[in-house]
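Undergrad: Handing you this structure, nothing more for now.
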Amino acid sequence: MKRALVIAITRLGDLIQIEPMLRALKAAGRAEHITLLVERSFVEIASELPSVDDLQVVDFAKILGTLNGSSGVLPVADYMALSHAIVREKHATLVNVTHTRPSMVLAALAGEDSIGVTLDPEGHQVVNNSWLQYFFATNLARPWCSFNLVDIYVNAITPQTRFADRKPQLLDSAPGQRAVRRDWQGLKVLLHAGASQSDKQWPEHSVGELAKALLDRGASIALIGARRLESNHPFPTHARLQDLTGRTSVRDVIELCRQADVMVSADSGPVHIAAATRLPLVVIEGGSAHAFETAPYDLNALVLQPHLSDVTKRIPSKSVTSAPAEVVPVTAVLAALELRMFGEPIALPTREYTIYETREDRNVPGLMLAPVVGTHRAYESWQRRLRRFWSQAIGGEASLNASVEGEIARLFSDCAQQAQRVSRAASSVATLQARANALSAAERNLQARLLRQPALHHVAQFLQIARSSVQGDVARQADALAALYSACSMAADALDKANSEMINMTYRNTPSLEGVA
Amino acid sequence: MDMRLPQRTIVVPTPLYGGSLPIAYHAASAFEQLGNNVHVLPFDSAYSLYELFGGVGAMAPRLKGRLAELLADFACETAIALHADLVWYTAQSPVTVAALQRLREAGITTALWFVEDVRRFDYWRHIVADFDCVYTIQVGDAAEALRQHGARKVVYLPMAANPALHRPLTIADADRLRYGAPVSFVGAGYPNRVALFERLPIPDLKIWGNDWPTEWNSRLQENGRRVTSEETALIYNASKINLNLHSAVNGELLMRGDFVNPRTFEIAACGAFQLVNDQAPLADLFDDSEVAVVRSLQDLVSALERFSKDEGMRSAMAERARQRVLREHTYVQRMRAALEALFPNHGTVDRSPQKAARSTALYTMRDLKDAAWGDADMQEFLSQFADNERAALDTLVSKLPNGTRSMTRAEMIVLLMKEFRQWGVDKGVIVA
């Protein structure tokens, strides 16, 4: 039996988002049996993933508790047991979808061939698979991730997977019979009060204000969240408001999603549970969550994305992804609900956020976001171009109008040529050294150009990761680099055009109601 | 009573039947002698019910399983109600993963003394990961096999004897006639033993135990019934030579296996003479002046010839073996060692339900080496450190190659600890 080990020491939402990838592994014939390595806190959700055959559980309480040496013996035995557990079955395929240093060591312990980030025998980081190199690169420049996480994971296995096969599934999550609602009366709203990380959270007073507004309109509310409400919470006591905070299991949330008409939430695990049950969604992004990466994978969800100011000029960093969710006003969320449930058009000032709708991308398999209220024009233009670039550079999409006339395309092409020269280098060490130096010079030029544009920093990062991850002797490494640079060169037309659009945009007058960076 | 060890409350659920059943009782008795508050759960009293369930056809295994689960839950709830410090399981004691996890959440330590061959049974694979410590009577690969299936801590703990039961006896004439013989063997009819006795007819041999060929009427005693522990003591005492042939799994007649059976210690404790086939750990437990070791059929034939005529030698060796048992191989000594491995430095028991770490005593590299027993790779890595050196993670990390060469598996494990610590610090769950 072909076994796969998937290292997924991550949170609830991410576990749901890798579910389609697990199915792709089996559909591609790369696994008949999948063992998922998860942290103990997330065993419940992992048990709801249909493609998972077995769980290997890491207990953080046990393996972290005595590492600082202040009490108890170092848990060497526990770590040895963990090491043995992940190698005791011979795995034909190893996938690491977690991007932490401990997960790299686990991947290295588990085996030699892996998809995702691992360590080579000397302990240096290696990322196998272009899409996961992309994922790693965009972690350091999160506003510029152009693909939904579900699509990144699926593309790492089979980029040609149809959109219909990319939707996350949970056991027994088929949607219940939902009534067609024409107004607020009796609308059953599942309101999620929190998020796993405080920076993603929509302020509690905003959630409370929304709850009052919904109750005034005749809706019913079930309030959920990981923790019980504090005594000074802003929620009214009302016959149509049911407080279930701190009392729901994963299965409870699945069942609530099947019964509700709509969910309103910040980016959180329950959002992805709701998406798996096809529950209509209104999601408030912000903080470390960004809609282009983490939007719920279902059609017609509405996501309210705060604008990160000067995003096209801001040097990207891991810590800055979105503006805080608190900039999204209650009126906007109410209007989004009205649009989603009753189709009422919205007229709102949207300088600080855009409301996107999730749709199927007809050009590239996957989920895309279309602005329906407001716009962040320059940013969205970059996102479209980047999406095209990556689909062609690493996604296998054909580049129909490839041109190497643009500046960036020429720089990629130059690197490709220099890499090919290294690959054909004679046995003379001096010749090889000279050609390697020429390649390095070309790469420096390319890096310098990419780093002039904040939207392209992640491209530079991707190239560094890909460069340091190539395996084999000098000739094989050079061949791999030549192929990569060549593919990027063919795809770079999209980047050069994006750059041109940016230059043109600075001279355009903008309407006052449209948010433009 | 041993005044050095703190009194602990220990629950001992016994197996329902089988060879490990008396061992559970011996362990319980030893814990008591060490001054602990021991609660034995005599599940052998449920054996007749267990057997009764076998008469319902296809549902029998399921019903038996449910009975075993019920007993496992009962042991768990008893330990919780008593605020036990330890639940001591023996191989074949009813136990479930759910019960072990519930005990863990209740802050109760669990241990399994696996007094069987890991190669012969595989039920242990599903449960060893959930014990705080697994004790094995085997040397060599057994510890590795247990670790590969998740055992957190594996400790070598050989069998023993109970001098209260296995001791020199004054044999009445009637008992000598019934139980005595020039050569005796007590045990089950494993294939290697059957083959050996077929190939090597030994005059005046009496065989006691089950699963022997029924046509061996002349040698097989009392229709091959199981003998009690008390009867085995009589047989050992009443016989001139006790054959002690370990069971073999590989088809060999005399296999040099990786454990020493209880019989070795019991015969010695009775002050009786034995011929025993060589086993890997035997030389560490007894020497040639105490037990007569045979390594081949020729050895066995020669030894039978030689020792049958030399009563003086037999008596001297038997007495030396008995003294060795009393000094080093009683259940009291074993259980003391077991408790010291479970509760090092006589640490107090943390009863909080969220118990994760044990006492705050300083640990040394000796403790890590003990924890890594059976893992050659980790032992080699730890050999770089003196036994009394403090077991700090930074000390281990200082020996990592730092990108200069390929890392061993043991070094990767240390690196994993280092990375998890840093991750925990970054996330705020570990205080640096």
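Undergrad: Suppose the filter is of a type outside the set (D, E, K, R) and surrounded by 15 or more Cβ atoms within 10 Å (Cβ to Cβ); does B:Ala143 pass it?
TA: Numbers: of a type outside the set (D, E, K, R): yes; surrounded by 15 or more Cβ atoms within 10 Å (Cβ to Cβ): yes.
Considered against the rule, which asks whether it is of a type outside the set (D, E, K, R) and surrounded by 15 or more Cβ atoms within 10 Å (Cβ to Cβ), B:Ala143 comes out as yes.
Undergrad: Out of everything in segment A:137-152 that is modelled with pLDDT of 90 or more, in contact with a strand residue (DSSP E or B) (Cβ under 8 Å, 6 or more places away or on another chain) and assigned to a helix (DSSP H, G or I), what residue ends up being surrounded by the fewest Cβ atoms within 10 Å (Cβ to Cβ)?
TA: A:Val150
Undergrad: Further question on the same structure: Output the number of residues of segment A:4-34 satisfying the condition of being of a type in the set (D, E, K, R) and either without any contact (Cβ under 8 Å) to a residue 12 or more places away in the chain or under 21 Å from A:Asp267 (Cα atoms) (or both).
TA: Summing the residues that are of a type in the set (D, E, K, R) and either without any contact (Cβ under 8 Å) to a residue 12 or more places away in the chain or under 21 Å from A:Asp267 (Cα atoms) (or both) in segment A:4-34 gives 3.
Undergrad: Out of segment B:44-72, which residues are touching a helix residue (DSSP H, G or I) at 6+ places or on another chain (Cβ under 8 Å) and farther than 16 Å from B:Pro13 by Cβ?
TA: B:Phe53, B:Gly54, B:Val56, B:Ala60, B:Leu63, B:Lys64, listed by residue number.
Undergrad: So, of the residues in segment B:291-336 that are in contact (Cβ under 8 Å) with a residue 12 or more places away in the chain, polar (S, T, N, Q) and open to solvent by 40 Å² or more (accessible area, probe 1.4 Å), which turns out to be farthest from B:Pro203 (Cα to Cα)?
TA: B:Gln333
Undergrad: Suppose the filter is more than 11 Å from chain B (Cβ to nearest Cβ) and touching a residue at least 24 places away in the same chain (Cβ under 8 Å); does A:Ser83 pass it?
TA: Against the criterion (more than 11 Å from chain B (Cβ to nearest Cβ) and touching a residue at least 24 places away in the same chain (Cβ under 8 Å)), A:Ser83 does not qualify.
Undergrad: Is it true that A:Ala108 is within 11 Å of chain B (Cβ to nearest Cβ), of a type outside the set (Val, Ile, Thr) and in contact (Cβ under 8 Å) with a residue 24 or more places away in the chain?
TA: Criteria not met by A:Ala108.
Undergrad: Further, regarding this structure: Checking the structure you have, find out if any residue of segment A:65-77 is over 20 Å from the mean Cα position of the chain (by Cα), farther than 21 Å from A:Ala31 by Cα and modelled with pLDDT of 90 or more.
TA: no
Undergrad: Then there's this: With respect to the numbered conditions (1) away from chain B (no Cβ under 14 Å); (2) in contact with a Ser or Thr (Cβ under 7 Å, 6 or more places away or on another chain); (3) within 23 Å of A:Ala274 (Cβ to Cβ), which one is the sole condition not fulfilled by A:Arg11?
TA: Of (1) away from chain B (no Cβ under 14 Å); (2) in contact with a Ser or Thr (Cβ under 7 Å, 6 or more places away or on another chain); (3) within 23 Å of A:Ala274 (Cβ to Cβ), only one is false for A:Arg11: (1).
Undergrad: Related question: Among the numbered criteria (1) surrounded by 20 or more Cβ atoms within 10 Å (Cβ to Cβ); (2) in a loop (DSSP other than H, G, I, E, B); (3) within 21 Å of the chain's Cα centre (by Cα), which single criterion is violated by A:Val303?
TA: (2)
Undergrad: Still on this structure, I have one more. Of the residues in segment A:198-253, how many are open to solvent by less than 20 Å² (accessible area, probe 1.4 Å) and outside any helix (DSSP H, G or I)?
TA: 10
Undergrad: From the list B:Leu146, B:Leu112, which one is under 25 Å from B:Phe43 (Cβ atoms), at pLDDT 90 or above and touching a Ser or Thr at 6+ places or on another chain (Cβ under 8 Å)?
TA: On the way: B:Leu146 fails: at pLDDT 90 or above.
Going through B:Leu146, B:Leu112 in turn, the sole match is B:Leu112.
Undergrad: Something else about it: If you go through segment B:366-397 one residue at a time, how many are among the aromatic types (Phe, Trp, Tyr) and either in a loop (DSSP other than H, G, I, E, B) or more than 11 Å from chain A (Cβ to nearest Cβ) (or both)? Spell out how you get there, then give the answer.
TA: Within segment B:366-397, the subset among the aromatic types (Phe, Trp, Tyr) is B:373, B:381, B:385.
Narrowing the set further to residues that are either in a loop (DSSP other than H, G, I, E, B) or more than 11 Å from chain A (Cβ to nearest Cβ) (or both) leaves B:373, B:385.
Total meeting the criteria: 2.
Undergrad: It is to be established whether one or more residues within segment A:53-62 are polar (S, T, N, Q) and part of a loop (DSSP other than H, G, I, E, B).
TA: Filtering segment A:53-62 for residues polar (S, T, N, Q) gives A:56.
Still in the running and part of a loop (DSSP other than H, G, I, E, B): none.
Checking segment A:53-62: not a single residue is polar (S, T, N, Q) and part of a loop (DSSP other than H, G, I, E, B).
Undergrad: How many residues does segment A:261-296 contain that are in a loop (DSSP other than H, G, I, E, B), modelled with pLDDT of 95 or more and of a type in the set (Gly, Ala, Ser)?
TA: 1
Undergrad: Determine the pairs where a residue that is on the phi > 0 side of the Ramachandran plot, located within segment A:367-392, has a partner that is open to solvent by less than 20 Å² (accessible area, probe 1.4 Å) and modelled with pLDDT of 90 or more with Cβ atoms under 7 Å apart, the partner being 6 or more residues away or on another chain.
TA: From residues that are on the phi > 0 side of the Ramachandran plot, the pairs are A:Gly374/A:Thr354; A:Gly374/A:Ile355.
Undergrad: Looking only at segment B:176-192, filter to residues that are more than 20 Å from B:Ser308 (Cβ to Cβ) and either more than 28 Å from the chain's Cα centre (by Cα) or open to solvent by less than 40 Å² (accessible area, probe 1.4 Å) (or both); which one of those is modelled with the highest pLDDT? Before the answer, list the steps.
TA: So the first thing to find is which residues in segment B:176-192 are more than 20 Å from B:Ser308 (Cβ to Cβ), and the list is B:178, B:187-192.
Narrowing further to those that are either more than 28 Å from the chain's Cα centre (by Cα) or open to solvent by less than 40 Å² (accessible area, probe 1.4 Å) (or both): B:178, B:187-189, B:192.
Details: B:Arg178: 91, B:Gly187: 88, B:Ala188: 83, B:Gly189: 83, B:Asn192: 80.
Here the answer is B:Arg178.
Undergrad: Since B:Gly57 meets every condition but one in (1) on the phi > 0 side of the Ramachandran plot; (2) touching a His at 6+ places or on another chain (Cβ under 7 Å), which condition does it not meet?
TA: (2)
Undergrad: So, of the residues in segment B:398-430 that are at positive phi and open to solvent by 50 Å² or more (accessible area, probe 1.4 Å), which turns out to be farthest from the other protein chains (Cβ to nearest Cβ)?
TA: Applying the filter and picking the extreme gives B:Gly428.
Undergrad: When B:Gln333 is evaluated against the numbered criteria (1) under 25 Å from B:Pro22 (Cβ atoms); (2) in contact with a strand residue (DSSP E or B) (Cβ under 6 Å, 6 or more places away or on another chain), which criterion, by number, is the only one it fails?
TA: Here B:Gln333 meets the rest and fails (2).
Undergrad: Based on this model, can you work out whether B:Glu266 counts as open to solvent by less than 50 Å² (accessible area, probe 1.4 Å) and of a type in the set (Asp, Glu)?
TA: Details: open to solvent by less than 50 Å² (accessible area, probe 1.4 Å): yes; of a type in the set (Asp, Glu): yes.
Yes; evaluated as a whole, the condition is true for this residue.
Undergrad: Which helices (runs of 4 or more DSSP H) sit wholly inside segment B:1-111 and have at least 1 residues that are in contact with a Gly (Cβ under 9 Å, 6 or more places away or on another chain)?
TA: Working: elements: B:20-33, B:47-53, B:60-81, B:97-105.
Hits in segment B:1-111: B:60-81.
The values are calculated or read from the model by the stated rules, or taken from the named source; none is laboratory data. Nothing here was measured: the structure is a model prediction, and the numbers come from that model. Don't worry about glycine lacking a Cβ; one is built from the backbone with ideal geometry, like all the others, and counts go over all protein chains shown. Accessible surface areas use protein heavy atoms only, side chains included; no ligands, DNA or RNA. Shrake-Rupley method; radii C 1.70, N 1.55, O 1.52, S 1.80 Å.
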